[in-house]
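The block underneath contains the structure these notes are about, expressed in structure tokens.
Derivation of every value follows stated rules applied to the coordinates shown; laboratory data play no part. The shown structure was predicted, so the numbers you read here are calculated from the model rather than taken from an experiment. Using ideal geometry, Cβ is built from the backbone for each residue, glycine included, and neighbour counts are taken over all protein chains shown.
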Amino acid sequence: MSYPKLEDEKYKVAEKVIKIAPATRLEGHAQISVFLDDNGEVEDTYFQVVELRGFEEFCKGRPIEEMPRITTRLCGVCPWPHHLASTKALDMAYNVQPTPAAKKLREAGYCAHMLHSHIAHIYALAVGPDFICGWAADPAERNIVGVINVVGPEIGKKVLVARAHAQLIQEIIGGKATHPIFGLPGGVSQSLSKENRKKIAEMADELLEFGKFTLQVVDDFILKNKTLVDVIVNKDLYYHETYYMGMVNDKNELNFYDGQIRIIDPAGNEFSRFGPENYLEDMAEHVVPWSYLKMPYLRKVGWHGFKDGPDSGIVRVAPLARLNVADKIPTPLAQAATDKFFEVLGGKPAHFTLAFHWARAIELMYAAERLKELIEDPEITSEKVRNIPTEKPTVGIGIIAAPRGTLMHHYECDDKGLIQKLNLLVASSINYPAMNLSMKKVAKAVIHKSEVSNGILNLLEMAFRAYDPCFSCSTHALPGQMPMRLNVFNSKKELVKTISR
Amino acid sequence: MPEKIKLALAQGATCSGCDIAILDLDVELLKLFEVADLTFAPLATDIKFKDVEAMADGEITICLYHGAVRNSENEHIARLLRKKSKIMVAYGICAAYGGIPGLANVTSKKKILDTVYEDTATTVNPDHTRPQTHHITEAGHELELPELFEEVKTLDDVVDVDYVICACPPTREMNVKLLNVILDFVNGKAPLPPKGVILASERTLCDECPREKPEKVVIEEIKSVDYTKLDPEKCFLEQGIICFGPATRAGCDAKCIVVNMPCRGCMGPTAAVLDHGGSMLSALASIIKVSGAETEIPEEEIAKFMEKLKDPLGTLYRFTLPKSLLKRVVKE
């Protein structure tokens, strides 16, 4: 059989509601409900996040200096952005600057983290199964094993080795790849030995080659396949004109670790920019009754429901957004790839949702180039990795460009340094309104007359997968039984009764 | 070539780091896939609930369940996968002991709801909306959400568990050992190990700590990591830094200690210990520096000493509250 497999047999569904549960190749718990009208056309879809844990509340009373090691458990897929947003929040809370070597170590470990995260998503979770096996491939083979079968064990091994390198670099620098521990206010707990630097430098070279290889994979497997490209640039499918937000340095160049957050409007003009001190002026969250996850939006535009355009506060984050907001990528290979990206996609900003994947591959290249720069910097082995704070902690806000978008941690503590207030605005949740938007549009475009297929339903899931959501991250609320309210509507959709407990 | 076994990776209230830990087998994954088909694994495969429901009981050979049990869906998955799997593994500290999400057992439902949906800095909620277990939209669309439990539970609170693998997350070395157990079983070389904790040492982290062991540890004053210059060679407890080494199961390769940070107990206690926090507290009590004879520590001295332990509950039970003697502590 030939790959990618893009079509499969349709069947008619008898029900008015199609439920996809659980949503898969997704980090965390979610489900999709598609509602059909009498003609079998899509009325609406809901992408529900069905889980909560409770960090904002149960972190109260915990010592602020422990937060980098507690909040990592928000997410085991992207523990580094949490660890570092938290550590940066501590820098601010204790009013202490990290030493230059500490900053470099944080960023180097972070580049390795980006590499691991993007490699896993591209090859194992999304692009591999959906575009290389094909979105209509048998669900039983639409996974990492199926990808290895299609591309062959040699490429499979290459990918696994590159990812293992990225993990090992994180472990050397941060203590553990998953759930790093080294962040302290004013620096990190340990310097990098010359021996370990050499080890990392060797792996960084290989990762640089792997970055080039990945861009080649995008070329060979995706861009050379006209059917795939036609779907990617089809404005009736995965396309939304929205605001974008991402981190840039003072020259408006891409940076993952430090800088300001820049927001552009759907036409590409700068709309706003903020740092940790004033993130509340730009960011707000709306609550819906049908999901445990809140809907973040731009406060200055407002929440106006699930629509795109300049009048909707829906803003997108993560790789596509970051390429859209940055004037430049400060490393040569990633910049060259970005030039090609916007050329093929017809200019900047690019609004094609599936282009998130391509942007992710370009960021992988940038992370490899930046890692090499940092590890070649002689200062990285300096033993001065900590400025020990002298002040009492108060309020700390840390912002970082996470693999899945802009991440913000906001802490307030009491006189003893115990957390009193905590706010977490998490990357995947910022894209959550847009994921719903994308899914509604795709569902309406591909489901007609109650006819679906495995591949068609997977096209709906591809709408969220483009964003590489991680709902482990986003679901930081609660134990306990939810209050229940039942609204009963009559056929004219008038509320006739409310039952609550 | 023997028939392939079926492997499932099920998830409860989790950070998904345990899924990543499996991915960290890297090239060894190819060996795993030679003998095992990955079935239900929401992070990696497209097998849905209905596919699992259609399986015969016991059709899945081994299920690794990670995450705590804190809502009706987590419990449903645990029960469903228990029924369909021959072997159920509580994989990682959350499934085994509650983990960090288990810290939610220090607070009340109401406080959490108010915090998350009202009081957080970015939340704008003039209508006081809360997620509903059952909701009908204005368009008449009926939507359901899982019901959250009063407290965070561990996997063995809801189903029978065959093996436990601790750690947060399990290390690559632990997974390679697990893989070898699976390989030996599939190839008929060895039966499966008896029910109980596997792949874990019964020693404590102190027994395997790479730092120089002092003859006798005495703590004069508890210090916190933020203001203390951390000596990379000396025992953390000797430096006054709380380190969970004496109370915590070994087997993590002391990864935190290696980057000059103290242990916080993510491996949980050894099998001999009922209560992780209690065990650490008893270790602490034995090393406090006292002015009088050891049998008569003045109460004020104990109080003064313990005052420096700013968050006793969250420190002593960082990873194990739901499986402790306390289980849940709610101050109203």
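Structure notes:
- Taking Cβ atoms as reference points and 12 Å as the exclusive limit, the residues near B:ASP26 contribute a net charge of +3, counting Lys and Arg as +1 and Asp and Glu as -1.
- Here the Karplus curve 6.51 cos²θ - 1.76 cosθ + 1.60, taken at θ = phi - 60°, turns the phi angles of the stretch A:40-47 into couplings of x, 8, 7, 7, 6, 10, 10, 9 Hz, with x standing for Gly and Pro.
- Distant alpha-carbon pairs in chain B (separation over 36 angstrom), percent: 30 percent
- For the listed residue pairs B:LYS4/B:LYS84; A:LYS103/A:LYS384; B:LYS31/B:LYS189; A:LYS444/B:LYS50, the alpha carbons are over 19 angstrom apart in A:LYS444/B:LYS50.
- Here the relative contact order of chain B, from alpha carbon pairs under 8 Å that lie six or more residues apart, stands at 19 percent.
- Structural descriptor for the stretch B:89-246: relative contact order 22 percent, calculated from alpha carbon pairs under 8 angstrom and at least 6 residues apart.
- The mean count of C-beta atoms from other chains within 10 Å of the C-beta of residues in B:309-315, rounded to a whole number, is 5.
- Pairs of Lys in the stretch B:201-332 closer than 20 Å at Cα, counting only those 8 or more apart or on different chains: 22
- The 3J(HN,Hα) values that the Karplus relation (6.51, -1.76, 1.60; θ = phi - 60°) gives for the stretch B:127-144 are, in residue order, 8, 6, 5, 10, x, 10, 5, 9, 9, 10, 6, 4, 7, x, 7, 8, 10, 10 Hz. Gly and Pro appear as x.
- Highest-MSF residue in chain B out of B:GLU118, B:GLU307, B:GLU221 [GNM, Cα springs under 10 Å]: B:GLU118
- The protein assembly as shown - charge dipole about Cα centre, Lys and Arg +1 at Cβ, Asp and Glu -1, debye rounded to 20: 300 debye
- Scoring A:378-390, B:32-44 by mean Cβ neighbours within 10 Å over their residues and listing the highest first yields B:32-44, A:378-390.
- In a reduced charge model with +1 at each Lys and Arg Cβ and -1 at each Asp and Glu Cβ, the stretch B:201-332 shows a dipole moment near 600 debye about its Cα centre.
- Within the stretch B:299-319: backbone nitrogen closer than 17 Å to the B:SER282 label point (7 Å, Cα to C-beta): B:316-317
- Where labels lie 7 Å past Cα in the beta-carbon direction, separation of A:ASP311 and A:GLU41 in nm: 2.2 nm
- Ordering of B:308-316, B:249-257, B:296-304 by packing [mean C-beta count within 10 Å, highest first]: B:249-257, B:308-316, B:296-304
- Cα pair count fraction exceeding 27 Å, expressed as % - the stretch B:201-332: 18 percent
- Available extension along the chain between A:LYS251 and A:ASP377 is 43.3 nm, counting 0.36 nm per residue and deducting the alpha carbon span.
- Peptide-level mean, for B:252-261, of C-beta atoms on other protein chains within 10 Å: 6
- Cα shape, the stretch B:107-150, gyration tensor, a/c 1.5 rule: oblate
- Couplings 3J(HN,Hα) for the stretch A:406-418, derived from phi with the Karplus relation 6.51 cos²θ - 1.76 cosθ + 1.60 (θ = phi - 60°), are 7, 10, 10, 10, 10, 10, 10, 10, 8, 4, 8, x, 9 Hz, where x marks Gly and Pro.
- Positive contributions from Lys and Arg (+1) and negative ones from Asp and Glu (-1), summed over other residues with Cβ under 15 Å from the Cβ of A:ARG404, come out at +2.
- Per-residue mean of C-beta atoms belonging to partner chains within 10 Å, peptide A:419-426: 3
- Sites B:GLU173 and A:LYS224 - FRET efficiency at Förster radius 41 Å, r taken between beta-carbons, to 0.05: 0.50
- Rounded, prolate or oblate (a/c below 1.5 giving rounded, otherwise prolate when a/b exceeds b/c) for the stretch A:174-279 by Cα gyration tensor: oblate
- Normalised alpha carbon radius of gyration of the protein assembly as shown [divisor 2.2 N^0.38 Å]: 0.90
- Set B:LYS86/B:LYS153; A:LYS294/A:LYS392; A:LYS294/B:LYS153 screened for pairs whose C-alpha atoms are more than 28 Å apart: A:LYS294/A:LYS392
- Model label sites at B:ALA272 and A:ASP138, defined 7 Å from Cα along the beta-carbon direction, differ in position by 5.3 nm.
- Viscosity 0.692 mPa s, temperature 37 °C, Stokes-Einstein D of the stretch B:73-168 from Kirkwood C-alpha radius, µm²/s: 205 µm²/s
- Taking amide H as placed 1.01 Å from N in the peptide plane, A:GLU43 has its amide H under 5 Å from the amide H of A:PHE35, A:LEU36, A:ASP37, each at least 5 places away in sequence or on another chain.
- Helical content of chain B, expressed as a calculated mean residue ellipticity at 222 nm, amounts to -7500 deg cm²/dmol (DSSP H runs of 4 or more residues, -39,500 (n - 2.57) each, divided by residue number, nearest 500).
- Taking amide H as placed 1.01 Å from N in the peptide plane, A:ALA30 has its amide H under 5 Å from the amide H of A:ALA23, A:VAL50, each at least 5 places away in sequence or on another chain.
- Cut-off under 5 Å, modelled amide H: who pairs with A:VAL315 long-range: A:LEU298
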